[in-house]
Amino acid sequence: MTKVNDVGEYVKIAETKDISKNQMQVFNVKEREILLINLEGELHAFDNRCPHMGYPLFFGSLKGDTLTCGFHSAKFNVKTGKSLGPVTSERLKTFPVKIQNSSVFIEV
Ligand code: FES
């Protein structure tokens, strides 16, 4: 584990070059799959499991700031993690992201 600015404990998961603009990628962190999304240059980190039935969100699609699960089409706002319907009202589990130099850290 790495401490960043004494704010909390953060784990390095990637380098900024590992994820292109408007793409998503899965990284394994402490036995969890973290879905990292680069939305217009801003990074967002989520548990890769869909809150509907737990299937991996990575197989979904990203259009603008909306992430759609590939299994039953639940939609989520990437900026807020909130559900946009239709099959669940549960929000995505999010993780704070910090960038230091070119390294990406998430708080787990
Ligand atoms: S598991 Fe994602 S919508 Fe059902």
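Here is a check on your reading of the model: is Val87 in contact with a strand residue (DSSP E or B) (Cβ under 6 Å, 6 or more places away or on another chain) and surrounded by 13 or more Cβ atoms within 10 Å (Cβ to Cβ)? In short, no.
Matching residues to (1) assigned to a strand (DSSP E or B); (2) more than 16 Å from the ligand (Cβ to nearest atom):
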| position | (1), (2) |
| --- | --- |
| Tyr10 | yes, yes |
| Lys21 | no, yes |
| Asn28 | yes, yes |
| Ala45 | yes, yes |
| Leu84 | yes, no |
| Thr88 | no, no |
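In the condition set (1) surrounded by fewer than 16 Cβ atoms within 10 Å (Cβ to Cβ); (2) within 13 Å of the chain's Cα centre (by Cα), Leu62 is compliant with all but (1).
Taking Phe59 as the residue in question, decide whether it is in contact with a Gly (Cβ under 6 Å, 6 or more places away or on another chain), among the aromatic types (Phe, Trp, Tyr) and within 10 Å of the ligand (Cβ to nearest atom). In short, yes. Number of residues in segment 48-59 that are crowded, with 16+ Cβ neighbours inside 10 Å and farther than 20 Å from Phe27 by Cα equals 1. Might you let me know whether segment 97-107 holds any residue that is under 30 Å from Glu9 (Cβ atoms) and within 10 Å of the ligand (Cβ to nearest atom)? No; the residues of segment 97-107 include none that is under 30 Å from Glu9 (Cβ atoms) and within 10 Å of the ligand (Cβ to nearest atom). The set of residues in segment 95-108 being surrounded by 15 or more Cβ atoms within 10 Å (Cβ to Cβ), among the β-branched types (Val, Ile, Thr) and within 20 Å of Glu40 (Cβ to Cβ) consists of Val97, Val104, Ile106. Pairs are defined by a Cβ separation below 7 Å, a sequence spacing of at least 6 or placement on different chains, a first member in segment 47-60 that is under 14 Å from Val78 (Cβ atoms), and a second member that is near the ligand (Cβ under 6 Å from one of its atoms); the pairs so defined are Cys50/Cys69; Cys50/Phe71; Cys50/Ala74; Leu57/Cys50; Leu57/Cys69; Gly60/Cys69. Among the residues making up segment 58-79, those that are touching an Asp or Glu at 6+ places or on another chain (Cβ under 7 Å) and either outside any strand (DSSP E or B) or aromatic (Phe, Trp, Tyr) (or both) are Val78, Lys79. Just so you know, in segment 71-82 the residues that are near the ligand (Cβ under 8 Å from one of its atoms) and exposed (fewer than 15 other Cβ atoms within 10 Å of the Cβ) include one that is farthest from Val97 (Cα to Cα), and it is His72.
Each reported figure results from applying straightforward, stated rules to the coordinates on display, with no laboratory input. These numbers come from a predicted model, not from an experiment. Here the Cβ is made from the backbone with ideal geometry for all residues, glycine too, and neighbour counts use every protein chain on show.
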